[in-house]
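The values are calculated or read from the model by the stated rules, or taken from the named source; none is laboratory data. Note that the structure is predicted; figures quoted are calculated from it, not measured. Virtual Cβ from ideal backbone geometry, glycine too; neighbours counted across all protein chains shown. Each accessible area value is taken on the protein alone, full model and side chains, heavy atoms only, with ligands, DNA and RNA left out. Shrake-Rupley method; radii C 1.70, N 1.55, O 1.52, S 1.80 Å.
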Amino acid sequence: MGVINCSPESFYRGSYIPAGKVYDRALAMVAAGADMIDLGARSTAPGSSPITVAEEAARVDAALSELDGTGITLSVDTRHPEVLEVCLRHDVHAVNDISGLAEERYARAVADSGLPVFAMASCREPGDAAGLAATRDALEAVVKRCALLGIEEYVLDPAVGRWVPGRTSEDDWELCRNFTSFLEFGRPVLAAVSRKTFIGDLLGRQPEDRLAGTLAVTTMLVSAGAAVVRSHDVAETADLLRVHATMRQT
């Protein structure tokens, strides 16, 4: 899953793609090995500059317009029903919901879309479950929400990252070390660690210099059973996955 951010506020500036260049970047990612593009238009990093729902909708509308008819598999990263409504006018194939279907109005809109869902471990707000036990509880709640909404196709996201002030880097390392436990829910699990803060805290590096650390963590998570990898660096991640698969051949 290659990441395209249409938000200049994004924590990793290298992921920002302005209007008019989305088509070229998406094609390049697919050529480099991406099976899916995850497109978002609002930064969810703590402390990022807020934007209106209307601005997010306008950004995502412009970006998706560039990709209509290309046949590229797209997921859309939003948590606002008004933005999802705009997305559904285009060729989209999945929804990436960092709120884990906790917000009733949006959850219903997602369910009504009939699209597969990437659902993040969240109790009330995105990523508000700190630590392994709380994350497992949040994922269990996500599974129940999907059942109540009639959503059968979904991927679980353990929510690695500094989503709320109370979370620490050690919380994220704990989730990564215990990644196999998330397979117990019987659903595919997403590895979304690309260039995140916990890697930077360990190495003392800014987002631009966290690729090696990201690839190291990704290797471990794929070995632990991750079904999908969300990455800013498609070519390098595709190489990693190919080498990993070859090493596991018997």
**Item:** Average accessible surface area per residue within the stretch 147-250, 1.4 Å rolling probe, Å²
**Value:** 51
**Message:** Tell me the Kirkwood radius of the stretch 2-248: reciprocal of the mean inverse pair distance over distinct alpha-carbon atoms, in Å.
**Reply:** 18.1
**Prompt:** Based on the alpha-carbon gyration tensor of the stretch 76-175 and its eigenvalue square roots a ≥ b ≥ c, which shape applies: rounded if a/c is under 1.5, prolate if not and a/b is larger than b/c, or oblate?
**Reply:** prolate
**Message:** To check you understand DSSP bridge types, tell me what percent of the beta bridges within the stretch 2-248 (both residues inside) are antiparallel, rounded to 5.
**Reply:** 5
**Prompt:** For VAL83, what is the net charge nearby, where nearby means another residue's Cβ is under 12 Å from its Cβ and Lys, Arg count +1, Asp, Glu -1?
**Reply:** -3
**Helix-only mean residue ellipticity at 222 nm for the chain, each DSSP H run of n ≥ 4 adding -39500 (n - 2.57), per residue, nearest 500** = -13000 deg cm²/dmol
**Asked** To the nearest whole percent, what portion of all C-alpha pairs in the stretch 109-250 is separated by more than 26 angstrom?
**Response** 25
**Asked** Ignoring ligands, DNA and RNA, what percent of the 1.4 Å accessible area of the stretch 2-248 is carbon and sulfur?
**Response** 52
